[in-house]
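Where a number appears in this text, it was derived from the coordinates with a stated rule and is not lab data. Remember, predicted model here, so these are calculated numbers, not experimental data. Reconstructed Cβ throughout: ideal geometry from the backbone, glycine too, with neighbour counts over all protein chains shown.
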Amino acid sequence: MTSHNTATPNRWRRFDDWDERPLRLDKFAAEDPENGFSAFAGANDPAPALTIEDGAVTSMDGVSAADFDMIDLFIARHHLDPEIAEEAMALPSESVARMLVDMHVPREELTWLARGMTPAKLAEVVAQLSAVELTFAYSKMRARKTPGNQGHVTNAKDDPLQLAADAAIAVALGFDEIETTMRVSRNSWSNALACCVGSAVGRAGTLFQCSSEEAEELEIGMSGFTSYAETVSVYGTENAFIDGDDTPWSKAWLTSAYASRGIKMRCTSGAASELLMGFHEAKSLLYLEARCLCMQRAMGSQGTQNGGIDGAPLATTMPGGVRELLAENLLAVWLDLECASGNDARHSESEIRVGAKILPYLIAGSDLICSGFGTILKYDNSFNPSSFNGEELEDFLVLQRDFEADGGLKSIEESEALAVRRQAVSALTAVFDELGLSMPDPAMQQSVVVASGSDDTDSYSPGEVTEISEKIRTKLITVVDVINALAKRGFKEEADNLLFLVKLRVSGDYLQTSAVVRDLHILSAINDPNDYLGPGTGYRPSEERRKELAAIREVLDRKEVLRAEAAYKAAEEGRIRYRTMGAADPGAEPSEVVVGLSPGFGKDLFRTLAGHPLSAVVAALREGIEEAGGRARFIRFNHTADTSFLGLSAAGLAGSGVGIGLQSKGTAVIHHKDRLPHNNLELFSNAPITTLAHYRAFGCNAAAYAKGNLPEPVVVPTRGEALGARFHARAALIYAVETALTEDGGVPEELEITSLEAAK
């Protein structure tokens, strides 16, 4: 990157600044429809069209039945409803787009119409909508009323102890589903068992999947370790499908295989997958994804994870790519599918772009906001870094709080985090020992309990995990064996939680569209349908949930501020003494500078926002005034806590007509008695970065003004620090303490201030 010291001549240096930004690591693709780089308008996108004769589709989107590829054929036979198609296709696309954002048109009417629309028609409709309209429509059209979230639980070593601990943390954070995969494919059975145990700690009903090769994933599901699957991949071009050794019919069979064994499942598709595989047919991302989603509905899948998925980083290099991801997610919910709305693959090096991408889904809600939020650190995410990972988890919690939007998660206390991690590690250790798989020593266990990521652990290596995984597979261990082992070793709650999930598989209730488990009950599109019809309808966080969203770390209130200040009181009492000498009168000495202190200064408040003891600030101002030949007089004002009025009031009582106003938080002003309240001589507004040397220089300048001189103003340098974000809450709370101490008509008090340290 270009350095400021070696700036290119004849170049505006702002470009040097921009070159240092993370955004410059992103590379963008030119729009090129002929070569598949088009979000909305592919070179070969067909116009919507449909003909039906004797109940059979004879042409669709410009292709006659004789020329159908296997995707066309599957959609024509199993997605399109001939009884609806004529009416649906006849509606102008602009009119249908308006219906999507019309709060008076119920969701059910639109999902009914979608069954009669071809992929080109569906794509043409949603392409009419702006980003804000897509967000609104998404809020209206999603299947389940209550939002949720899904998280990744993986690590770089495939360490089962860490997997169990991190799965338990994911449960405590509120994830409805967790998904794992592995660095070494043979470790899948160990990963599955470990996450299965960890997901049973603390709460029953968190659904779990192990993403591996499809046949093995089905075997793991049949053994009872997993409760859902979503890696049934679907593609929008025939050659991409064939390249994956599959057809729509084989995917439909696999979908049925999962569902018949009580395993919740959804398909996976998303923008740019065909482009990545080289089979884009010069068609747009949106049109190809519309084909994928029509197939998924036709297969009977209860849902989809889409919105780019692994292709999102490529899709977002194109103009309108992020908008396209939102549009395809809207297509999914319009087709009445559960939507795990992407946001897994990290699409940018820019945190601004990453945060912006998540916002529509967060404020609109989604059945699952992410199809894989990285609950672990980036380097431990075996799926590759997600949009949000363990490092940014609290950022997401704050976004929920900022918008009062339910992203499915909640904060966790430090003590709770250690407790659930320890319980998960102990439970898995007991299972390993009982089933003769391994026996981790106490040091291994403790290293995992306190670890943030696998770099911090002294536990299993991937090769050691492979031995455990092979034992699980060859011994034909099932979830029933795990339940029995937990119960035998005293982990009754965890055993009961796993047994609860097994019973749910028998009932099949969580095979309903958009099903998650909350408080031992199924929430789905059946019993928790999205009923949004305008303001006051649809999902709104309950008061209890709103408080849960607000409960993040580093939250201050007035009591907390006063408690923190009280910790400094004793130290200050050993440094300085304030003695009230009665009502303050106007001074007569020409060199006198009055320092006007705020009501709580040295009484309830004892340090500035920069952390300077108030005694040190008083000493610095006094030294500066005296150094410049002035005399300092200190007065506490009780009628105001405002900086400007403190300074003006001080100037009014000063013999020189010059005063300093000083708040407890460190904001200071130099004023003259003849000036307007906010037209001061000098101001220190950035208290958090104001040093004692600045206060001393401020005192010197005040004395210079008292002599009638015009000194060089003292400027506190700032480099664009986000001072408001770091300090405004505390500053406002401190000011609230000060204003509560003010009295209308309060009399200013002369103070005798003695430095006890100097006296020593």
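Miscellaneous remarks
- Calculated FRET value between residue 556 and residue 261, using beta carbons and R₀ = 45 Å, to 0.05: 0.30
- Straight-line cross-link reach from residue 503 at under 18 Å between alpha-carbon atoms covers these lysines, not counting any fewer than eight positions away in the same chain: 264, 492.
- Candidate aspartates and glutamates for bridging to residue 145, where Cα separation is under 14 Å - those fewer than 8 sequence places away on the same chain excluded: 108, 336, 338, 367, 406, 528, 531
- Stretch gain in nm, segment residue 493-residue 63, where the contour uses 0.36 nm per residue and the Cα spacing is subtracted: 149.0 nm
- For the stretch 685-757, GluC sites (Glu not before Pro) meeting the loop criterion (DSSP other than H, G, I, E, B) and having at most 13 other Cβ atoms within 10 Å: 721, 743.
- The relative contact order of the stretch 25-150 comes to 23 percent, based on Cα pairs under 8 Å that sit 6 or more residues apart.
- Relative contact order, whole percent, for the stretch 13-72 stands at 16, derived from Cα pairs under 8 Å and 6 or more residues apart.
- Taking 645, 684 and counting other C-beta atoms within 10 Å, the order from fewest to most: 645, 684
- Built amide H within the under 5 Å cut-off of residue 26, gap 5+: 349
- Computed from Cα atoms, the angle from the helix 285-299 axis to the main principal axis of the chain rounds to 60 degrees.
- Report summary: the helix-based calculation at 222 nm, which adds -39500 (n - 2.57) for every DSSP H run with n ≥ 4 and divides by the residues of the chain, gives -13000 deg cm²/dmol.
- Cβ-based net charge around residue 661, under 14 Å, with every Lys or Arg adding one and every Asp or Glu removing one: +2
- Within the set (i) 33.0, 107; (ii) 34.4, 118; (iii) 30.0, 97, the number that Rg and Dmax of the Cα atoms in Å takes when calculated for this structure is listed as (i).
- Between the stretch 197-211 and the stretch 649-726, the alpha-carbon centres lie 59 Å apart.
- Share antiparallel - DSSP beta bridges, the stretch 558-759, percent rounded to 5: 60 percent
- Ordering 420-429, 543-552 by mean Cβ neighbour count within 10 Å, with the highest value first, yields 420-429, 543-552.
- Measuring nothing but how far apart in sequence close Cα pairs (under 8 Å, 6+ apart) lie, relative to its length, the chain scores a relative contact order of 13 percent.
- Inter-part distance where the stretch 30-89 and the stretch 395-413 are each reduced to a Cα centre, Å: 41 Å
- Within a straight-line Cα-Cα reach of under 29 Å, residue 673 can be paired with the following lysines, leaving aside sequence neighbours fewer than 8 residues apart in one chain: 603, 665, 707.
- Computed about its Cα centre, the charge dipole of the chain is approximately 2600 debye, with only Lys, Arg, Asp and Glu carrying charge at their Cβ.
- Cα centroid of the stretch 167-189 to Cα centroid of the stretch 566-616, whole Å: 57 Å
- The stretch 558-759: C-alpha gyration tensor shape, a/c 1.5 cut-off, then a/b vs b/c: rounded
- Ordering of 553-565, 649-661 by packing [mean C-beta count within 10 Å, highest first]: 649-661, 553-565
- 0 to 90° range, to nearest 10: angle between helix 131-141 axis and the chain longest Cα axis: 60 degrees
- Taken along the Cα-to-beta-carbon direction at a fixed 7 Å, the label points for residue 743 and residue 398 span 4.1 nm.
- Folded to 0 to 90 degrees: helix 614-627 orientation relative to the chain principal axis, Cα: 50 degrees
- DSSP-defined antiparallel bridges as percent of all bridges, the chain, nearest 5: 50 percent
- Highest mean first, the peptides 600-611, 692-703 sorted by other C-beta atoms within 10 Å per residue fall in the order 692-703, 600-611.
- ³J(HN,Hα), Karplus 6.51/-1.76/1.60, whole Hz, each residue of the stretch 551-558, x for Gly, Pro: 7, 10, 6, 6, 9, 9, 9, 4
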